[in-house]
1. For the stretch 4-18, check the following and say yes or no: at least one residue is buried (at least 20 other Cβ atoms within 10 Å of the Cβ), at pLDDT 90 or above, within 18 Å of the chain's Cα centre (by Cα) and within 28 Å of residue 125 (Cα to Cα).
2. Looking only at the stretch 167-200, count how many residues are more than 14 Å from the chain's Cα centre (by Cα) and part of a loop (DSSP other than H, G, I, E, B).
3. Report, by residue number, each residue of the stretch 111-121 that is loosely packed, with under 10 Cβ neighbours inside 10 Å and assigned to a helix (DSSP H, G or I).
4. Would you please name the residue that is nearest to residue 143 (Cα to Cα), looking only at residues in the stretch 63-100 that are more than 18 Å from the chain's Cα centre (by Cα) and assigned to a helix (DSSP H, G or I)?
5. Could you tell me whether any residue of the stretch 101-108 is surrounded by fewer than 22 Cβ atoms within 10 Å (Cβ to Cβ), on the phi > 0 side of the Ramachandran plot and under 17 Å from the mean Cα position of the chain (by Cα)?
6. Test of understanding: among 196, 205, which residue is touching a residue at least 60 places away in the same chain (Cβ under 8 Å), under 16 Å from residue 26 (Cα atoms) and surrounded by 16 or more Cβ atoms within 10 Å (Cβ to Cβ)?
7. For the stretch 134-148, indicate whether the set of residues that are in contact (Cβ under 8 Å) with a residue 60 or more places away in the chain and not in a helix (DSSP H, G or I) is non-empty.
8. Looking at (1) loosely packed, with under 15 Cβ neighbours inside 10 Å; (2) touching a helix residue (DSSP H, G or I) at 6+ places or on another chain (Cβ under 8 Å); (3) modelled with pLDDT of 95 or more, can you tell me which one residue 25 breaks?
C-alpha cells in the first residue's frame, strides 16, 4: 500500500538549510493500522505531509498504491489526494450550519459522483463510522466532539480511499471521547480492512495501533509490531463503569 525509501526533506538552502527528514524508509501493507509517533520537532508533521501527498520529498521515493508519487506535480498530487487518501484532522473542518449528511456528501460533489449515488454512499460511510441514522439531519454544530469526529471520519471514507490518514484525531477531545474515536478507527481497520496511518505524539494513543513507528530528530528510532493493541471499545466500557 505504502512504500517510502530513503526519504529526505530539506527546507531552505546553504547555511540556513534545515533537514527535517533524514533517510526515512518503511512500508505499510494493505489492512495495517500503523501509528507514527514522536515529540514536537521529530519530523512527524513533515512525514505526514509527504505521506498525505501534501508535499514532495527533496529526495527518495514514495510509492502509494502502486504509483510513484514522489515527483508528481501539484495538480497530480491533488488528484491522488482526492482518489486515494481520506484525511481526518485534529480540527474537524466541517461546515457548521450544514447537516451531517450534507457535510459527507460534499466530497462526492467535487468528485462529480452522480447525484443519485451521493446520498447512498454518504449514508453507508456514516453508518460505517458508527453515527446513528437519526443524527444525519443534525447540523454539525449540534453534535458532541466525538460525534463530529465520527462525521469527519465518514467524510474521509466516502470516496473509498486506499488510505485513511489520521493526524492527531483525538487532539481536541477529552479522554472518553478519544476512546470512542479510536474505537471507530479500530472497527474500520478490523471489520472493514481499512488501512490506517495515525499520527500522534501521545504514547497512550499509539498503543491502540497494531504497529508503532517512532521518530526522533528526523529519523526512525524504532519500528515495532504491537502484539496486544489496546481495545478502545473495552476501555470505553471500563471508563463508563468507573464513572457511574
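1. Taking every residue of the stretch 4-18 in turn, none turns out to be buried (at least 20 other Cβ atoms within 10 Å of the Cβ), at pLDDT 90 or above, within 18 Å of the chain's Cα centre (by Cα) and within 28 Å of residue 125 (Cα to Cα).
2. Selection size over the stretch 167-200: 6.
3. 115, 116
4. Only one residue fits best here, namely 100.
5. Within the stretch 101-108, none of the residues are surrounded by fewer than 22 Cβ atoms within 10 Å (Cβ to Cβ), on the phi > 0 side of the Ramachandran plot and under 17 Å from the mean Cα position of the chain (by Cα).
6. None of the others qualify; the one that does is 196.
7. no
8. In the conditions (1) loosely packed, with under 15 Cβ neighbours inside 10 Å; (2) touching a helix residue (DSSP H, G or I) at 6+ places or on another chain (Cβ under 8 Å); (3) modelled with pLDDT of 95 or more, residue 25 misses (2) alone.
The values are calculated or read from the model by the stated rules, or taken from the named source; none is laboratory data. Fair warning: this is a prediction, and the values are worked out from it, not measured in the lab. Backbone-built Cβ (ideal geometry, glycine too); neighbour counts: all protein chains shown.
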